[in-house]
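This report refers to the structure that appears directly beneath it.
The values are calculated or read from the model by the stated rules, or taken from the named source; none is laboratory data. Because the structure is predicted, anything quoted here is derived from the model rather than measured. Because the Cβ atoms are built from the backbone with ideal geometry, glycine has one as well, and the counts that use them run over all protein chains shown.
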């Protein structure tokens with residue numbers, strides 16, 4: 001059994017102004033800096049600002065991993081709010097995703113939520129979220145942690161995680177990685193197989209993959225920060 005399940009955040013949005021906060025869909029219309037929009041716009045795979053979202057996929061996969069593996073505690077989107085949420089005093093992504101997870105599992109799980117009041121210096125990004133997860137696991141005397149994220153995001157996640165896990169304070173940890181789409185296809189091939197293939201074949205996936213490659217490059221050259229490459233510049237970056 002896993003001790004900690006950590007479901008990565010992939011953004012939250014409102015369906016309309018003053019509407020409820022929901023997790024991002026498979027495809028997501030982003031701003032010019034490839035950041036999330038606070039109010040959802042319809043996805044358009046042909047638009048250069050359309051990327052992979054995946055918040056809902058991560059949640060669904062997290063529920064299945066919890067049913068299959070079990071865990072003592074679950075953390076969702078365990079990190080500080082991004083600027084687009086802070087600027088409008090929105091709830092944290094952890095609050096929204098954790099609420100969805102608790103509802104989906106009928107309150108049968110213990111969870112730790114990153115509230116809007118919790119804040120740390122520096123950028124809010126994948127690298128910081130991983131550090132938060134590993135620090136939480138160690139602080140609570142756990143060793144077995146499962147990390148869940150979408151396929152396109154997993155390579156960069158694993159590169160970043162490897163660098164954290166090499167630190168003396170995290171060497172006791174046993175981390176497992178679960179690709180959301182793969183977990184869901186194994187659970188229900190008929191339902192999720194076509195959905196995974198549609199995502200893999202989308203132009204948005206290709207755009208996101210180039211951005212992920214750039215993130216990996218920045219990580220291994222110690223140049224990773226909070227800035228995000230322009231979506232329209234990605235094809236020129238990697239060819």
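Below, the figures for the structure above:
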quantity	calculated
Among the residues listed as 176, 131, the single one being more than 13 Å from the chain's Cα centre (by Cα), surrounded by fewer than 17 Cβ atoms within 10 Å (Cβ to Cβ) and under 25 Å from residue 212 (Cα atoms)	176
Residue 70 vs. criteria over 11 Å from the mean Cα position of the chain (by Cα) and under 23 Å from residue 132 (Cα atoms)	yes
Residue in region 160-171 that is surrounded by 17 or more Cβ atoms within 10 Å (Cβ to Cβ), under 15 Å from the mean Cα position of the chain (by Cα) and at pLDDT 95 or above present	yes
Verdict on residue 157 being modelled with pLDDT under 95 and either touching a strand residue (DSSP E or B) at 6+ places or on another chain (Cβ under 8 Å) or in a helix (DSSP H, G or I) (or both)	no
Residue under evaluation residue 120, criteria (1) within 19 Å of residue 178 (Cβ to Cβ); (2) touching a residue at least 40 places away in the same chain (Cβ under 8 Å); (3) surrounded by fewer than 19 Cβ atoms within 10 Å (Cβ to Cβ), criterion not met	(1)
Tally of residues being in contact with a helix residue (DSSP H, G or I) (Cβ under 6 Å, 6 or more places away or on another chain) and assigned to a helix (DSSP H, G or I) across region 132-153	3
From 220, 147, residue being surrounded by fewer than 17 Cβ atoms within 10 Å (Cβ to Cβ), farther than 24 Å from residue 43 by Cα and either within 16 Å of the chain's Cα centre (by Cα) or modelled with pLDDT under 95 (or both)	220
Given (1) closer than 14 Å to residue 96 by Cα; (2) surrounded by 15 or more Cβ atoms within 10 Å (Cβ to Cβ), index of the condition residue 20 fails	(2)
Residue 54 exposed (fewer than 14 other Cβ atoms within 10 Å of the Cβ) and closer than 24 Å to residue 217 by Cα	no
Residue satisfying all of: in region 95-123; part of a loop (DSSP other than H, G, I, E, B) and at pLDDT 90 or above; farthest from residue 148 (Cα to Cα) among these	118
Among residues of region 187-197, those that are surrounded by 13 or more Cβ atoms within 10 Å (Cβ to Cβ) and either within 19 Å of the chain's Cα centre (by Cα) or under 20 Å from residue 5 (Cβ atoms) (or both), counted	4
Count of residues meeting criterion [within 18 Å of residue 39 (Cβ to Cβ), surrounded by 17 or more Cβ atoms within 10 Å (Cβ to Cβ) and touching a strand residue (DSSP E or B) at 6+ places or on another chain (Cβ under 8 Å)] in region 66-96	4
